[in-house]
């Protein structure tokens, strides 16, 4: 399937209605192992015993992949266990809600859906479930389907060593290692009938560093969201493809740190105007607008492939003959939504003939509600207050400023927005120079993440800050539950203490 054909990606709990589709998928995936599929009674048993452990990924409503697991008391099994033993002769009676290890018993992606990094989503779900249930680790017996090609000259141990050194390409083992699983032991006779693996398997483990021994003390679950800010270097690019290649590099980088969001600056694609510098400035910006749809489509593909929500900064767009400054939220489920710059600067209006937009709304994401204001809009406190009233937890501000004066306005206003709206504010800008682009010659930026100022947050309200005027990424974790505590128990409570008896704020 092509990425552009995807309209919806869902991670859902498995139910019995999925069985026939699951059976067909397993027959296809394990075509070299006749009869290697779960019976309906097995799936029913898994769902009854541990519904949270059984998940599927669906694309456009079609089952694309599955992950099945149980919880076991690992001390009851020795290191030489078999698949049959760990599953209780396929009855799953070994499942123990009081166990300490999440044991993976099945995971696959259908062939036509491979290459979309969907397997990473299944592994990430397992990791989050392991942390949520406070289990020591995730363990499973990994197949070696390419081993039969090397078994005449290599032992299983030598094969694994060569795969780890990248001397042999094993897509299964390489994928598991890239997802932070480490080989713990080679097991012989693990899965009966696995001729491709020569009956060998690798015991793979992922350790939960947050594991704590069970305690009867009350504990509060935190919702921690990781932000990836891209401080973009303005430099000449040969064409759109080269610019997108650089953008993908940064998306890959922040995704590698398991960021939930990637934030690009305002007009990050301005270098593409260089080839039109012979035109008038209004004509050049309108030529740049012709790239916007292609960029949004590609960023949407990146959001799916890298499993990250992308805020595209902003780009020019012509609608009904009028020029606007817009951006897109590209969610990792495949959906996109548009946002607009409502207040254009005097320079944007005078030089480019740009118009202010009319749409203002908070966006739902898999990390809660967010708001997005482009640069100058952050200097109008009414906008962010309206978004806060809609439940916004994180405000993203892509910006472009040429002088330190302009940057200081954005920075100081963003800092105020975090305090008055009891939210996190992330700002990202561009650095460097574009001598061959009119009206975009120089940039000054320091990307930052701001917090409210209270005891649970940094005293100066700065969670993280990039090096000024340097191309880099900035990664920061923000805890949403701290905002809830602030709202209820903060030293001051800006949202609660508003005098609604003497004033009100509303959208027309």
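Structure summary
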{"read-out": "Filtered residue count, the range 31-43, keeping only those that are out of contact with any helix residue (DSSP H, G or I) (no Cβ under 6 Å at 6 or more places or on another chain) and either over 16 Å from residue 83 (Cβ atoms) or without any contact (Cβ under 8 Å) to a residue 60 or more places away in the chain (or both)", "value": "7"}
{"read-out": "Qualifying positions in the range 185-199 - in contact with a strand residue (DSSP E or B) (Cβ under 8 Å, 6 or more places away or on another chain) and over 21 Å from residue 67 (Cα atoms)", "value": "185, 186, 187, 188, 199"}
{"read-out": "Single residue of the range 121-142 satisfying the filter (within 22 Å of residue 26 (Cα to Cα) and surrounded by fewer than 18 Cβ atoms within 10 Å (Cβ to Cβ)) that is farthest from the chain's Cα centre (by Cα)", "value": "125"}
{"read-out": "Members of the range 346-363 found to be surrounded by 15 or more Cβ atoms within 10 Å (Cβ to Cβ) and more than 16 Å from residue 383 (Cα to Cα), listed by number", "value": "348, 351, 352, 354, 355"}
{"read-out": "Per-region count, the range 206-232, residues part of a strand (DSSP E or B) and either under 25 Å from residue 368 (Cα atoms) or at pLDDT 95 or above (or both)", "value": "9"}
{"read-out": "Residue count for the range 442-463, restricted to those that are surrounded by fewer than 21 Cβ atoms within 10 Å (Cβ to Cβ) and more than 14 Å from residue 414 (Cβ to Cβ)", "value": "7"}
{"read-out": "Which listed residue, of 478, 437, is closer than 24 Å to residue 492 by Cα and either touching a residue at least 24 places away in the same chain (Cβ under 8 Å) or assigned by TED's automatic domain parsing to the domain that holds residue 365 (or both)", "value": "478"}
{"read-out": "The range 364-376: number of residues that are touching a residue at least 24 places away in the same chain (Cβ under 8 Å) and surrounded by fewer than 24 Cβ atoms within 10 Å (Cβ to Cβ)", "value": "5"}
{"read-out": "Residue satisfying condition, being out of contact with any helix residue (DSSP H, G or I) (no Cβ under 8 Å at 6 or more places or on another chain), without any contact (Cβ under 8 Å) to a residue 60 or more places away in the chain and under 29 Å from residue 234 (Cβ atoms), within set 461, 432, 406", "value": "406"}
{"read-out": "Residue that is more than 15 Å from residue 12 (Cβ to Cβ), in contact with a strand residue (DSSP E or B) (Cβ under 7 Å, 6 or more places away or on another chain) and assigned by TED's automatic domain parsing to the domain that holds residue 27, where the choices are 81, 95", "value": "95"}
{"read-out": "Count of the range 115-149 residues which are outside any helix (DSSP H, G or I) and within 24 Å of residue 301 (Cα to Cα)", "value": "3"}
{"read-out": "Members of the range 88-114 that are under 23 Å from residue 21 (Cα atoms) and either part of a loop (DSSP other than H, G, I, E, B) or in contact (Cβ under 8 Å) with a residue 60 or more places away in the chain (or both)", "value": "90, 91, 92, 106, 108, 110, 111, 112, 113, 114"}
{"read-out": "Residues satisfying the stated conditions in the range 51-84, i.e. touching a helix residue (DSSP H, G or I) at 6+ places or on another chain (Cβ under 9 Å) and part of a helix (DSSP H, G or I)", "value": "52, 53"}
{"read-out": "Residue among 287, 301 that is surrounded by fewer than 22 Cβ atoms within 10 Å (Cβ to Cβ), in the same structural domain as residue 263 (by TED's automatic domain parsing), touching a helix residue (DSSP H, G or I) at 6+ places or on another chain (Cβ under 8 Å) and more than 25 Å from residue 122 (Cα to Cα)", "value": "287"}
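The values are calculated or read from the model by the stated rules, or taken from the named source; none is laboratory data. Not measured: the values here are computed from a predicted model. Because the Cβ atoms are built from the backbone with ideal geometry, glycine has one as well, and the counts that use them run over all protein chains shown.
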